[in-house]
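In what follows, a structure is listed as structure tokens, so that the remarks can point back to it.
What follows is calculated from the coordinates using simple rules that are stated; it is not laboratory data. This one's a predicted model, so the numbers in the text were calculated from it and none came from an experiment. Because the Cβ atoms are built from the backbone with ideal geometry, glycine has one as well, and the counts that use them run over all protein chains shown.
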Amino acid sequence: MLLLDAGNSTIKGQWWQGPALQSSFSCRLENGWQSRFEKRLGDIDAGHCHYSSGQPDEFESELLGILHQVIQPGNIHKFVPLKCSHGVRNAYQAPGGLGADRWLCLLAARHLVAQDVIIVDAGSAITVDLMNIKGQHLGGAILPGFNTSLERFKQILHRADFNHPDISKNDEPGCSTEACIQIDYESTDEAIVEQLIGRWYQRLASDAALIVTGGDANRLRQPRDRQFRVVPDLVFEGMRLQMGQRQ
């Protein structure tokens with residue numbers, strides 16, 4: 001079984017045979033990524049593929065075209081956010097509006113900790129999500145990554161309406177993509193994210209945990225007197241949970 005996370009700048013993959021992880025890989029989405037990705041697939045013998053993607057339809061069609069060369073179309077499945085699954089309840093009125101990667105991170109966090117939790121995915125875009133001990137998602141925020149320009153950020157959130165009135169200086173956790181977007185800063189740095197986390201801790205129980213993932217996870221400091229975990233494969237943990245492969 002092949003698991004793929006098609007992010008904003010990289011495709012990450014894991015190849016599993018039953019309960020055993022055989023290999024992991026990543027492929028930067030730069031010029032010529034297609035040939036590099038095909039080469040990676042050549043080293044893998046997987047009859048099924050499950051993938052997550054927030055990329056534009058054109059990219060996804062290209063990705064599927066490559067996958068179809070080695071895996072039957074009927075054996076390729078896309079992860080989609082649900083309203084409720086594995087003890088997690090999506091805060092979005094339209095559940096599909098929540099990014100699949102954020103949804104999968106929520107599932108994994110619910111499995112990893114038994115308390116209120118803040119989940120930060122620090123990549124090309126930075127997402128911050130809150131969930132209480134009962135598994136209720138409480139909304140979140142989306143910010144440009146530490147090295148992401150506003151122009152690139154808008155490309156990443158290609159389905160968002162940047163003229164929407166919900167995009168404001170509101171400090172409330174958002175329950176739609178537009179309500180989550182925070183672009184009130186010239187650039188995002190560690191202090192801005194850490195200050196947001198500090199303010200939102202006040203909405204949660206005093207023992208709330210912090211789980212961090214993503215390529216820039218190590219740039220965030222551990223809050224004092226808080227349970228703190230860096231989990232590089234958080235999205236893949238969520239994938240296996242949604243598939244029923246993780247106990």
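Quickly estimate the mean residue ellipticity at 222 nm for the chain, helices only: each DSSP H run with n ≥ 4 gives -39500 (n - 2.57), and the total goes over all residues, rounded to 500. Intermediate values should be presented prior to the final figure.
Values: 7 runs with 67 residues, N = 247.
Value at 222 nm, helices only: -8000 deg cm²/dmol.
Do you know the Lys pair count in the chain for C-alpha distances under 20 Å, with sequence separation 8 or more or different chains? Working shown, then result.
Details: 12/39; 12/78; 83/134; 154/169.
Value for the chain: 4.
Could you work out how far the C-alpha centroid of the range 1-65 sits from that of the range 92-110, in angstrom?
Between the Cα centre of the range 1-65 and that of the range 92-110, the gap is 20 Å.
Can you list residues whose amide H is under 5 Å from residue 52's amide H, if they're 5+ apart or on another chain and H is modeled 1.01 Å from N?
So residue 52 has HN proximity to 4, 5, 6, 79.
Under a crude label model (7 Å from the Cα following the beta-carbon direction), how far is residue 207 from residue 189 in nanometres?
3.6
Among 80, 117, 235, whose mean-square fluctuation peaks in a Gaussian network model of the chain (Cα, cutoff 10 Å)?
Taking springs between Cα atoms under 10 Å, the residue moving most is 80.
Along the range 105-117, what does the Karplus equation 6.51 cos²θ - 1.76 cosθ + 1.60 (θ = phi - 60°) give for ³J(HN,Hα), rounded to whole Hz, x for Gly and Pro?
3J(HN,Hα) across the range 105-117, in whole Hz: 5, 4, 4, 5, 4, 4, 6, 8, 10, 10, 6, 4, 8.
Taking the 0 to 90 degree range and rounding to the nearest ten, how far is the long axis of helix 234-243 tilted relative to the main principal axis of the chain, both from C-alpha atoms?
Roughly 70 degrees between the two axes.
Return 86, 158 ranked ascending by Cβ neighbour count within 10 Å, so the fewest neighbours appear first.
Working: 86 16, 158 10.
Ordered from fewest to most neighbouring Cβ atoms within 10 Å, 86, 158 come out as 158, 86.
Scan the range 2-84 for trypsin sites (Lys or Arg not before Pro) in coil per DSSP, keeping those whose Cβ has at most 15 other Cβ atoms within 10 Å, and list them by number. Numbers along the way, then the final one.
Values: sites: 12, 28, 36, 39, 40, 78, 83; in loops: 83.
Those satisfying the criteria are 83.
Would you mind checking which residues have amide H under 5 Å from residue 228's amide H? H placed 1.01 Å from N; only 5 or more apart, or other chain.
210
In sequence order, what are the phi-derived ³J(HN,Hα) couplings for the range 141-158 according to the Karplus relation 6.51 cos²θ - 1.76 cosθ + 1.60 with θ = phi - 60°, rounded to whole Hz, with x for glycine and proline?
9, 10, 10, x, x, 4, 10, 10, 6, 4, 4, 5, 4, 5, 5, 4, 8, 5
List the relative contact order of the range 2-78 as a percent without decimals, with contacts defined as Cα pairs under 8 Å and 6+ residues apart. The partial results should precede the final answer.
On the way: 101 pairs, mean separation 24.1, N = 77.
So the answer I get is 31 percent.
With an 8 Å Cα cut-off and a minimum separation of 6 or more residues, compute the relative contact order for the chain in percent. Show your work: numbers first, answer last.
Numbers: 440 pairs, mean separation 42.8, N = 247.
Worked out over the chain, it gives 17 percent.
Quick one, can you get me the convex hull of the C-alpha atoms of the chain expressed as volume per residue in Å³?
On the way: hull volume 30.7 nm³, N = 247.
Per residue, the Cα convex hull of the chain comes to 124 Å³.
Could you state the angle between the C-alpha long axis of helix 190-201 and the longest principal axis of the C-alpha atoms of the chain, as a value from 0 to 90 degrees rounded to the nearest 10?
Orientation of helix 190-201: about 70 degrees from the principal axis.
What ranking do 105, 84, 27 get, fewest neighbouring Cβ atoms within 10 angstrom at the top? Kindly include the intermediate steps, with their values, before the conclusion.
Values: 105 25, 84 12, 27 20.
So the ranking, lowest neighbour count to highest, is 84, 27, 105.
How many percent of DSSP beta bridges within the chain run antiparallel, rounded to 5? Before the final figure, lay out the partial values.
Working: 28 of 46 bridges.
Counting only bridges with both partners in the chain, antiparallel ones make up about 60 percent.
What Kirkwood hydrodynamic radius, in Å, does the range 204-244 give when the mean of 1/r is taken over all pairs of distinct Cα atoms and then inverted?
Details: mean 1/r = 0.0862 Å⁻¹.
By the Kirkwood definition, the hydrodynamic radius is 11.6 Å.
Taking θ = phi - 60°, what integer Hz values does the Karplus form 6.51 cos²θ - 1.76 cosθ + 1.60 yield along the range 183-188, in sequence order, with x for Gly and Pro?
Ordered by residue, 3J(HN,Hα) equals 10, 8, 10, 4, 7, 8 Hz.
In debye to the nearest 20, how big a dipole does the chain give about its Cα centre with +1 on each Lys and Arg Cβ and -1 on each Asp and Glu Cβ?
Values: 24 positive and 29 negative charges, 139 e Å.
With Lys and Arg at +1 and Asp and Glu at -1, about 660 debye.
As a footprinting exposure proxy, order 53, 176, 61 by other Cβ within 10 Å, with the fewest listed first.
Values: 53 20, 176 17, 61 10.
Starting with the residue having the fewest Cβ neighbours, the order is 61, 176, 53.
Of 71, 51, 25, which is farthest along the charge dipole of the range 2-78 in the positive direction, counting Lys and Arg as +1 and Asp and Glu as -1 at C-beta?
Farthest towards the positive end: 25.
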